[in-house]
Each structure stands twice: as structure tokens, then as C-alpha cells.
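Inspection log for the structure reproduced underneath, given as C-alpha cells.
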Amino acid sequence: VGEFILAFSGAPRGTTELEMHGGVGRMLLTVPSGLGVRVRASKGLTKSLRLEGFKQVGDDEYVNDAWATATAKLDLRASLGVGEFVVQVK
């Protein structure tokens, strides 16, 4: 219960795999621009899945514009509970 904030910064390189499991509350993930990001999210009772600038490419799969060509990538699997899940590119 509460808020979880994870911010990636610095010069990204390679591919990073991340698995997040949410309960009740808000999860905010901030990533640098130019980073290719894929989100595979299985939604429970999530009220809000906010992925600005992402397009849906599968039932539970979303990618940003940089995903196809980026040399640095974040491959995120998220199991979401109740609340809000936000990915912001900065």
C-alpha cells in the first residue's frame, strides 16, 4: 500500500529486464528518452495504466517508439494490483 517510484537515469546501455509486482497503490517508473521500452502488463483490478507515447502491440504488450531501433532497452514485466501504474519518459 502506498507509492513506489523508480527512476532510471544516466547513460543507458544494453538490455535490462525488470519484473515488478504491485499490490495496492501507485507505481511510477521514469526512464530517459531514447531508451527503448517494452511493457508487458497483466492487469488485475488496476484502475489506471498510463503509458504516454506507447502503442499497444499485443493483448498486454506495449512499446514506445524507440523500442524497434534503440541500442539500450528496458524490458518490463509487470503484474499489477489495484491502483495506478505510470511509465514516464523524460
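The values are calculated or read from the model by the stated rules, or taken from the named source; none is laboratory data. Note that the coordinates shown come from a computational prediction; the quantities given were computed from them, not determined experimentally. Cβ placement follows ideal geometry from the backbone for every residue including glycine, while neighbour counts extend to all protein chains displayed. Accessible surface areas use protein heavy atoms only, side chains included; no ligands, DNA or RNA. Shrake-Rupley method; radii C 1.70, N 1.55, O 1.52, S 1.80 Å.
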Tell me, which residue of the stretch 1-15 that is surrounded by 14 or more Cβ atoms within 10 Å (Cβ to Cβ) and within 17 Å of N64 (Cβ to Cβ) is modelled with the highest pLDDT? F8
Across (1) at pLDDT below 85; (2) not in a strand (DSSP E or B), L49 clears everything bar (2)
Do we have any residue at all in the stretch 77-84 that's open to solvent by 20 Å² or more (accessible area, probe 1.4 Å), aliphatic (A, V, I, L, M) and touching a residue at least 40 places away in the same chain (Cβ under 8 Å)? yes
Taking interchain pairs and intrachain pairs at least six residues apart, which have beta carbon atoms under 6 angstrom, with the first residue in the stretch 57-75 and free of Cβ contacts under 8 Å to residues at least 24 places away in the same chain and part of a loop (DSSP other than H, G, I, E, B) and the second open to solvent by 50 Å² or more (accessible area, probe 1.4 Å) and not hydrophobic (A, V, I, L, M, F, W, C)? D60/R40; D60/S42
Residue by residue through the stretch 16-48, note down the ones that are hydrophobic (A, V, I, L, M, F, W, C) and either open to solvent by less than 50 Å² (accessible area, probe 1.4 Å) or on the phi > 0 side of the Ramachandran plot (or both). L18, M20, M27, L28, L29, V31, L35, V37, V39, A41
